[in-house]
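Presented below is the structure to which this report refers.
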Amino acid sequence: MDFLRRPEPGDARGLLTVYAVLLFCLPAQMIIGPLGASGTPAGVVGMGMLLFWLMVRMLPGNGVQTGLQPVRLVVLAFAASIMLSYAWGTLNPLPADQLSGADRAILTLMSWCGIAFVACDLLRTRKSVELLLRTLVILTGIIAVMGLLQFATGFNIAELYHIPGLKINYVIGSVTDRSNFRRVSATASHAIEYGVVLAMMFPIALHQAFYVKTRRWLWLGLVSLIGLASPMSVSRSATLGLFVAFIVLFAGWSGLRRAIALLVAPVAIVVLRLLIPGLVGTITGLFTGWQDDPSIQGRTDDYVVVGEFIDKSPFLGRGFGTFLPKTFITLDNQYLGQIVETGFIGLVALITLFLVGIFSARGVRARAMDEEMRHLGQVLCASIAVAGLAFATFDGLGFPMISGLLFLLLGITGALWR
């Protein structure tokens with residue numbers, strides 16, 4: 001297959017492919033012990049990519065543009081807001097566990113920056129970007145199959161993983177129930193993360209099905225698998241993510257493609273209802289019965305609890321990675337958590353990160369000379385928008401798969417913009 005071709009000399013597609021395989025195929029709970037939660041194999045490769053990017057930037061004649069690049073600039077601004085909060089938070093004595101949490105967060109930040117910068121500056125050609133995206137779709141199809149098997153049997157294949165040198169940070173693939181349905185997670189940390197990652201990748205898979213002319217049956221099959229597996233997380237976030245992806249794509253489609261989508265979408269829902277009786281009703285009930293849902297009540301109760309933490313340091317927060325769930329509470333809202341840990345400066349930086357990613361993708365669409373690239377710009381806009389919405393429903397930066405994927409897609413968007 002063409003996505004297995006060797007990359008061109010100087011192109012980072014091979015390195016990013018290794019990162020993607022580790023991110024998707026290894027359980028997020030498997031870590032390199034001394035590094036703690038930030039020491040996932042994918043995270044360590046991301047840290048290495050930051051050092052690699054710095055070395056390449058210092059080499060003469062490296063071919064890397066030195067001018068301002070929106071995605072690179074906004075990632076740097078986001079990193080700066082976190083470093084400011086870290087410096088401010090450590091001015092006062094912190095308990096050992098919170099200080100360790102802040103240190104781990106800085107390592108994770110290094111990984112995010114490495115992923116985004118390498119993708120942004122060292123993916124040399126459009127073909128390289130396309131092949132990397134196809135690899136991501138294949139990997140998403142793998143975890144979709146794992147989720148389908150877990151939903152059907154209650155057993156997660158990821159529990160069989162035993163890799164020398166890695167330790168289990170917490171239980172892999174624990175299956176929880178919601179309304180008598182298993183909530184699946186495959187290699188993700190949680191069912192919500194799993195469902196949202198599939199929702200983020202769904203538009204990219206759909207793009208391959210539209211435009212890859214060879215083995216179209218493969219890409220259509222992957223679209224079906226990903227679309228079927230995402231609702232099996234039985235998650236509002238995943239459902240909203242698929243809805244947002246559909247709306248953003250729909251806005252950029254031609255009249256004919258819109259008409260086809262309006263015909264196919266109801267059929268897909270009917271098929272899902274027939275294949276898994278009761279699942280569609282359960283997902284619908286997550287929205288119609290929200291007034292009595294304890295998970296939503298818990299989220300709204302958080303707003304009152306965190307007010308005192310925000311008042312103590314409204315601009316720089318208490319330090320990124322210091323608001324530990326075991327010590328305080330779990331905040332199922334990344335934007336709210338961002339205010340607590342990095343202040344309103346950090347919140348603005350996070351929102352700007354999403355906006356620049358979305359508008360850069362739209363810029364790709366606006367300047368593209370052919371229909372396929374125009375559609376790819378719209379697809380990346382949809383994927384980033386899914387993550388932006390999902391961060392309002394759970395603390396996405398605390399989950400390695402979705403956060404790693406987000407910064408990878410931001411970097412890919414920056415490469416296409418370049």
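The values are calculated or read from the model by the stated rules, or taken from the named source; none is laboratory data. Please read all numbers here as calculations on a predicted model, not as lab measurements. With ideal geometry, Cβ positions are generated from the backbone for all residues, glycine too; neighbour counts draw on all protein chains shown. All accessible areas refer to the heavy atoms of the entire protein, side chains included, with ligands and DNA or RNA removed. Shrake-Rupley method; radii C 1.70, N 1.55, O 1.52, S 1.80 Å.
Expressed as a rounded percentage, what relative contact order does the chain have, with Cα pairs under 8 Å and six or more residues apart?
Details: 660 pairs, mean separation 101.4, N = 418.
Over the chain, the number comes to 24 percent.
Provide the solvent-accessible area of TYR335, counting protein heavy atoms only and rolling a 1.4 Å probe, rounded to the nearest 10 Å².
Taking all protein chains as shown, TYR335 has close to 50 Å².
Tell me which label goes with the value of Cα extents along the principal axes in Å computed from the coordinates here: [x] 59, 54, 40; [y] 60, 59, 44; [z] 73, 55, 36.
[y]
I need the trypsin sites (Lys or Arg not before Pro) found in region 129-222, filtered to DSSP loop residues with at most 10 other beta carbons within 10 Å of theirs. Intermediate values should be presented prior to the final figure.
Numbers: sites: ARG134, LYS167, ARG178, ARG182, ARG183, LYS213, ARG215, ARG216; in loops: LYS213, ARG215.
Those that pass, being in a loop and sparsely packed, are LYS213.
Please give the solvent-accessible surface of TRP417 in Å², to the nearest 10, using a probe radius of 1.4 Å with every protein chain present.
Looks like 80 Å² after rounding.
Would you work out what percent of the accessible area of the chain, with all protein chains in place, is carbon or sulfur (probe 1.4 Å)? It would help to have the intermediate numbers written out before the result.
On the way: 12280 of 17860 Å².
After summing per-atom areas, the C and S share lands at 69 percent.
Using 0.36 nm times the number of residues separating LEU149 and VAL304, minus their current alpha carbon distance, what extension gain do you get? Write down the numbers at each step before the final one.
Working: separation 155, 0.36 × 155 = 55.80 nm, distance 4.04 nm.
In short, 51.8 nm is gained.
Whole-Hz ³J(HN,Hα) for each residue in region 366-383, computed from phi via Karplus 6.51 cos²θ - 1.76 cosθ + 1.60 with θ = phi - 60°, x for glycine and proline: what do you get?
Karplus-based 3J(HN,Hα) across region 366-383 equals 5, 9, 5, 9, 9, 5, 4, 5, 4, 5, 5, x, 5, 5, 5, 4, 5, 5 Hz.
Leaving ligands, DNA and RNA out of it, work out the accessible area of GLU341 with a 1.4 Å probe and give it in Å² to the nearest 10.
20
Taking Cα pairs under 8 Å and at least six residues apart, what relative contact order does region 125-254 come out at, in percent? If you can, show how the numbers build up before the last one.
Working: 161 pairs, mean separation 35.0, N = 130.
Reported relative contact order: 27 percent.
Write out the chymotrypsin sites (Phe, Trp or Tyr not before Pro) in region 221-276 meeting two conditions: DSSP loop, and at most 11 other Cβ atoms within 10 Å of their Cβ.
none
Determine the dipole magnitude for the chain: charges of +1 sit on the beta-carbon of Lys and Arg, -1 on that of Asp and Glu, nothing else is charged, the reference point is the Cα centre, and the result goes in debye to the nearest 20. Don't jump to the answer; show the numbers that get you there.
Details: 30 positive and 22 negative charges, 272 e Å.
Dipole size: approximately 1300 debye.
Along the charge dipole of the chain, Cβ charges K/R +1 and D/E -1, which of ASN169, VAL75, LEU94 sits furthest on the positive end?
VAL75
Counting heavy atoms of the protein chains only and a 1.4 Å probe, report the per residue accessible area for region 12-417 as a whole number of Å². Show your work: numbers first, answer last.
Numbers: 16780 Å² over 406 residues.
Value returned for region 12-417: 41 Å² of accessible area per residue.
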